[in-house]
Amino acid sequence: MKFNKVTELECVSSQANEVHTHKTELNQTIQELESTLKKKEEETERLKQEINSAREFQAQRNSLTQKLQEVEIRNKDLEDQLSDLEQRLEKSQNEQEAFRNNLKTLLEILDGKIFELTELRDNLAKLTECS
């Protein structure tokens, strides 16, 4: 009986040791899983923040793209206006040059007429002296 009791106690002790070892292993596995879970939660939170940042950057990009398009349209309008003004300036300069040329021609004609009138007056004066 004592032998059976000892064997039984040894068996119970062995089982207790196995349970204790198994419990320790389970506790260690639980800690590892909790650690992994915490890391995954932190990574998930970090990824959520990155997603939010990416959304903000996308919104900023869209806004800047819209502004760029508006500036490009405004720039095109200003280039068209500048081209129109340059053409008008060139036309005005050509008209001024033509006016100057016509005025120069008119002045040359007037000089010629004044010269002719002066000669005519001189001739008339000579005729009146002779008569």
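Each value in this text was obtained by applying a stated rule to the coordinates, not by laboratory testing. Keep in mind it's a predicted model, so treat the numbers as computed, not measured. A quick note on method: Cβ atoms are made from the backbone with ideal geometry, for glycine too, and the neighbour counts reach across all protein chains shown.
Rg to Rh ratio, the chain, alpha-carbon atoms and Kirkwood radius?
2.03
Report, in whole Å, the centroid distance computed from the Cα atoms of region 89-119 and region 33-60.
84 Å
Under 30 Å Cα-Cα from LYS126, which lysines qualify once same-chain neighbours fewer than 8 residues away are excluded?
LYS113
Taking LYS39 as the anchor, which aspartates and glutamates have their alpha carbon closer than 17 Å to its alpha carbon, excluding any fewer than eight residues away along the same chain?
Straight-distance partners of LYS39: GLU50.
Taking LYS67 as the anchor, which aspartates and glutamates have their alpha carbon closer than 19 Å to its alpha carbon, excluding any fewer than eight residues away along the same chain?
GLU56, ASP77, GLU79
Read phi for every residue in region 118-123 and hand back ³J(HN,Hα) as whole Hz from Karplus 6.51 cos²θ - 1.76 cosθ + 1.60, θ = phi - 60°, with x for Gly and Pro.
Couplings: 5, 4, 4, 4, 4, 5 Hz.
Could you work out the helix-only [θ] at 222 nm for the chain, with each DSSP H run of four or more residues adding -39,500 (n - 2.57) and the total divided by the number of residues, to the nearest 500 deg cm²/dmol? Spell out each step's value before the answer.
Numbers: 1 runs with 129 residues, N = 131.
For the chain, the value works out to -38000 deg cm²/dmol.
Using +1 at the Cβ of each Lys and Arg and -1 at the Cβ of each Asp and Glu in region 11-99, identify which of ASN94, THR44, GLN60 lies farthest towards the dipole's positive end.
It is THR44.
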